[in-house]
Every structure is written in C-alpha cells, then in structure tokens.
Amino acid sequence: MNWLADFFGDPANWSGPDGIPLRLAEHLEFAGLSLLLAMLVALPLGLWIGHTGRGALLVVLSANAARALPTLGLLVLVVLLMGVGTIAPVLIPLVALAVPPILVNTYEGIRGVDADLRDAAYGMGLRGGQVLGRVLVPVALPLILLGLRTAAIQVVATATVAAYVGLGGLGRYIIDGLATKRYPLAVGGAVLVALLALAVQGLFGVLQRFLVSPGVSGRQKIR
Amino acid sequence: MGRLWQGGRAPAGDQGMHMITFDDVSKRYPDGTVAVDGLTLHAPTGEITVLVGPSGCGKTTSLRMVNRMVDATGGRILLDGVDVRTVDPPTLRRGIGYVIQQAGLFPHRKIVDNVATVPYLLGWDRKRARARAMELLERVGLDAGLAGRYPFQLSGGQQQRVGVARALAADPPVLLMDEPFSAVDPIVRASLQDELLRLQSELNKTIVFVTHDIDEAIKLGDRVAVLRVGGRLAQLASPAELLAEPADDFVREFLGRDRGIRRLSFVPGDGLRLRTDLTVPVSAEAASVRGTAEPWLAVVDGEGRPLGWVAREDLPDSGTLAGVPAAPYGAFVRERDSLRSALDAALLSPSGNALAVDGAGRVEGVVTRDELDAALARAAGGARG
C-alpha cells in the first residue's frame, strides 16, 4: 500500500514525458489504434462469413492460431524485421491479438440467429443486405459486443509490451520499475493497467445498454 | 395500393378465378431427391386451399415455391396470371403475406414495428405504417397495449396472432401459411383456427395453408389437396367430398378414423324436421301434462330457453314443473349447426332427443331419435351416390 502511495503521491509522476497523463495517452493510442484496425478487418469479415456461410474455415483457423500465437514473440520478430522508431511494430501483434475474438464472436453471433427468423425476414421481402443490417446484426449484437469487449480488454492489458521495444505506454512503469528495482513504479503501473481494463469493461457495459434492444437482452419488464 | 409485380399478364378472362396456379410443378434437388413431382393445382381466389400430407410429401416446398423461397425446377407457378419466376423475389414477397410456424417475429423490434415490417419496406411513412399496424393488431384480436411490447413478452398464441397481423399489414391479396398453428397447444390452436376463419370471412384472401393435421385441413379448407410422399397429388376435393369419397387407400388411411361421423359436420342441420309438441313451459301444472304419451318432455323457461328434460313418470300429482328435477340436455343451433352437432346434442340427453334452438338460444323444437335416424340414413345415401 505504501508503494501505491509513493507512486501516486509523487507529483513528479503526474507531469512531464514520464508522467501518468502522457503514458496513459500513449497506452490508449496503441490500444485504441490496434482495436480500430482489428475491427476494420474482423467485423466486416465476420459479418460476411456469418451471413453467407462462406469461409467458415477461416474463422476456425483464426481462433486456433490466436491461442497458439505468443504476442511477445511476435513483437520481437516484428521489431527485428522492421526495426524500431515507429509504433507500427507494436500495432501488428496487438491487432493479431484482437482480430480472433472479434471475428469469432461476430461470426458465431450472425450464424447463430434462429433459422426461422432469417426465413421470416426473407419471406417478408427483405433483401440480403437488409436481412443482415436490420435483423441479424441487431439480434447478434450482444455477442458482437462481447467479442469487441474481450478484444479491447486483452489489447489494453497487452499493450504494456510496447515498453519492451522502447516505446511508451503504461508498460514503461512496469518494465523500468522491475529493471531498476523501483517497485512502487512497477506496482503503480500494474494498477493503472488493471484500472484501465476495468474502465473498458464498464464502457462496454454502457454500450451494451444503449445499443442492444431490450427485446434481445430481455431487460424490459412486463408492465 | 398498386400491384407489386408487373410481369406479362395473362388474358383478362383468366383473372379473378385462380389467384394461384401450379402448372406441372416439380422440385428436384441436385442429389436426385424429388420433393414435388408434377403438381398441378389451382388455388381459387378468395378461398382457403389446404395442402396436407405426411412429412416428406412436399407440401411446405410447394408453398415456398409460390414466394420463391424455393425455386421450382420444372413447370411454372402463376400468381394472378404472372409466372413468379419472372419477378424479383423480394418484390414478389412484399406482395404476399407469409406466416410461418414459429411466428418468426423480430425479437429486437416492438410488436407494432414487427407488424409494420412490410409497410416500412414499401416506403410508407412511419406514422401511417404504425396506424395500419395498430388497426391490424385489433383485427387479429390483440389488445392495443401489447403494441409497445417485445415478442418475448408474449405467449406463443399471441405471437402467432402478431405473425398473422404482420402478414396482412400491406393488405396482400395472397397469404401463404406454413403450419402456422402447429407449435401452440390444442386449445390455443382451436381458437386461432376460429379466428382465421372469422378473419377470412371479412377479408376474403386467397390463402394457401400447409398442415400435417388432417382435422385442421378439414376445418379450415374450402378445398383440400392431399399429397403423398414424393410430392404427388393424391386428391383435391372439398372436405365433405374428401370424407365421403376418398380417392384411394392412401387418402382413406390418412383421413383416419370416424370418417363417417366427421362427414356429418358438412351435412347442414337445418333440414331436420322439428316437433313442437314436446316442449312445455316450466310454469305449467304438472297435472296438465301427465296424460302425455311421450316418455320425455323438454322444459323451457319464460323466455323459451331450455331448462332440461323431465320424465313422464317423475311428474308429481300437483304443483308446477318448477319443482321437478330436470335431466341434462343437449342443444344445437338449427340455422347454423351441422347434423353432427344435432347428433351430439341427442347423445347428451337421456331422452335421446336433441333440442333445436335459434341464434338467441330459444327452443324452436325437438329433433327426435326417429328423425335423426332418417337424416343419418339420408346422409349415408348421399355418400353412396
């Protein structure tokens, strides 16, 4: 507890290039950009595969690859290949980490929509795109958001590795703290990452509440 | 509202007779399975045509070929004179009401918006579409208070009514109903069937209705098409004809037991001769009727409504009939009910006679066992000829 007080109580930790606001901004930049890129890849792909049923094998392969892929190893490999200097090397492994949960959940969400519902939608005269956009996505939304949330939390937690290759972010505190045995720094950094992950969790809770129809979440009580 | 499909039209004289025509229609899947084999059938305008048969007889496939949820591989289907294959499927489907077994309501939309699905697709403004939806909810017997709810808050029977309302929303001339009432319990099913018949008497849609339940087919159909496995038409007839003269053993077996009794449902009861001398008011003195030769008398109240049967031997020496315990009775509405109802009414009375009542429930007279015997004999004779 004293370590935390030391870390958060030190005014030097709240300003300057090594201060918490800047490190947090860096961390959010890595995580946010990675998540955005992963969404741009995985959401359309997941929707398309779930809707058409074509390319389902890709989803399975991606899910398995994700479990096997060591993020840190990939990061080191990318740095070796591309060199340091830009943030690109850290984005690649983070995107690779975020794509599978988004892809798998989006695909499963769309594919899992009741066949009768799909049938009714086509039978009413909706076109393919309308069936996807007006029926399948709203109904699959809880699962799609779950995928995004899982990806976001993993990315926020894992973005600490950026510090391994000389970049900033909250990982800086942890790695520098451990390397120089300044434990308040390491513990403070770890707590910040954990808090950020909780904040992301909370944010998705709010999103879920606003975006998912009460008819799907079953939230609305019978009056 | 204008027509939704604009293809080559059939000669004018052909229109208005058969809204839907199956012309030698077949469906053969790539693996060689034949779902429908050379089906030729007319669904007359404004009537309910039921497709019935065991599973694997191609009834659902046949239905789904009309709105191109499945495309035929042979023959053609004409909808109001237009080959459905020439119409873009979504456009075609917006002009055809479609009701499926599990209702298939959109869970994320409120009931009112579910019903307004097709009007929205057709570009109606929101206000008009919702007003139309509210009108239809009332029409199918649902409380307006349900409009703001979500499907999961409704019972299966209510959801199915919403499904019917949704199919009717854009006022299509044709309704396709694919086992719509199979997933609800028998009591709800019966009320949904009655509701459909009531709606149909107001709307006169051309309905093609698929079921595996022959009793449902007989209850709802103006015409019933019995299909056999492999998608071939075994018989197409009115329910009464079907029960009286099944085309072959398959149809006979499919119709099941009690065919003779069930056929009586289609023999009107208004031809039965009534005896009016067997009815006595409850205020009558017992002594005044003791002399009758009849073993049973029907007692009615001051307004002519039935109270029950009294046996001659139970009549007291004095007092009115009010003091005499009345035995249970069965009654049928003469102007509306069938011979089957009359027979049923007779079997519910210890006297073996049926009470005929008018629409207001007042006794018109008594149908005796002898008269029922004669009517049954006439009905049986009709079956032969």
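The values are calculated or read from the model by the stated rules, or taken from the named source; none is laboratory data. In this text the structure is predicted, and so the values were computed from the model without any measurement. So basically every Cβ, Gly included, is an ideal-geometry build from the backbone, and we count neighbours across all protein chains shown. Please note that ligands, DNA and RNA were not included when accessible areas were found on the heavy atoms of the full protein model with its side chains. Shrake-Rupley method; radii C 1.70, N 1.55, O 1.52, S 1.80 Å.
What is the distance in Å between the Cα centres of segment B:41-60 and segment B:269-313? Computed from Cα coordinates, the inter-centre distance equals 48 Å. Per residue, the accessible area of segment B:279-384 comes to 50 Å² when a 1.4 Å probe rolls over the protein heavy atoms.
Counting 0.36 nm for each residue step from A:L77 to A:A5 and taking away their Cα separation leaves a gain of 22.2 nm. Scanning residues 5 or more positions from B:H18 or on other chains, those with amide H under 5 Å from its amide H are B:T45, with H placed 1.01 Å from N in the peptide plane. Please give the Cα centre distance for segment B:99-132 versus segment B:136-181, rounded to the nearest Å. Here the two parts' Cα centres lie 10 Å apart.
Spatially close Lys pairs in the protein assembly as shown, defined by Cα atoms under 30 Å apart and a spacing of eight or more places or different chains, total 11.
Solvent-accessible area of segment B:279-384 (1.4 angstrom probe, protein heavy atoms only): carbon and sulfur portion equals 49 percent. Relative to the isolated chain, which residues of segment A:87-124 have their accessible area cut by 30 Å² or more in the presence of all protein chains (1.4 Å probe, heavy atoms, no ligands or nucleic acids)? In segment A:87-124, residues shielded by partner chains: A:D116, A:L117, A:D119, A:A120, A:Y122, A:G123, A:M124. Here the 3J(HN,Hα) profile of segment B:28-43, calculated from phi with Karplus coefficients 6.51, -1.76 and 1.60 at θ = phi - 60°, is 10, 7, x, 7, x, 5, 9, 8, 9, 10, x, 7, 10, 6, 10, 9 Hz, Gly and Pro shown as x. Carbon-plus-sulfur fraction of the accessible area of segment A:120-185, 1.4 Å probe, in percent? Carbon plus sulfur share of accessible area: 63 percent. Beta bridges from DSSP with both residues in segment B:279-384: antiparallel share about 65 percent, rounded to the nearest 5.
For segment B:117-205, the fraction of 1.4 Å probe accessible surface lying on carbon and sulfur atoms is 50 percent. For the pair A and B, the buried accessible area comes to roughly 2300 Å² in total, with a 1.4 Å probe and the value rounded to the nearest 100. Result for chain B in a Gaussian network model with C-alpha springs under 10 Å: among B:L315, B:L233, B:L339, the largest mean-square fluctuation is at B:L315. Think of it as helices only: each DSSP H run of n ≥ 4 in chain B is worth -39500 (n - 2.57), and spread over all residues that comes to -9000 deg cm²/dmol at 222 nm. Charge dipole of segment A:2-212 (Cα centre as origin; +1 on each Lys and Arg Cβ, -1 on each Asp and Glu Cβ, all else neutral): 340 debye, rounded to the nearest 20.
Only DSSP H runs of four or more residues enter the estimate; each adds -39500 (n - 2.57), and after division by the residues of chain A the mean residue ellipticity at 222 nm equals -24500 deg cm²/dmol.
For segment B:149-175, accessible area lost to neighbouring protein chains reaches 50 Å² or more, against the chain alone with a 1.4 Å probe, at B:R149, B:Y150, B:F152, B:Q153.
Beta bridges from DSSP with both residues in the protein assembly as shown: antiparallel share about 55 percent, rounded to the nearest 5. Once the chain from B:D83 to B:I261 is taken as fully extended at 0.36 nm per residue, the excess over their C-alpha distance is 59.9 nm. Of the listed residues B:W124, B:W309, A:W14, B:W296, the order by accessible area with a 1.4 Å probe, largest first, is A:W14, B:W296, B:W124, B:W309.
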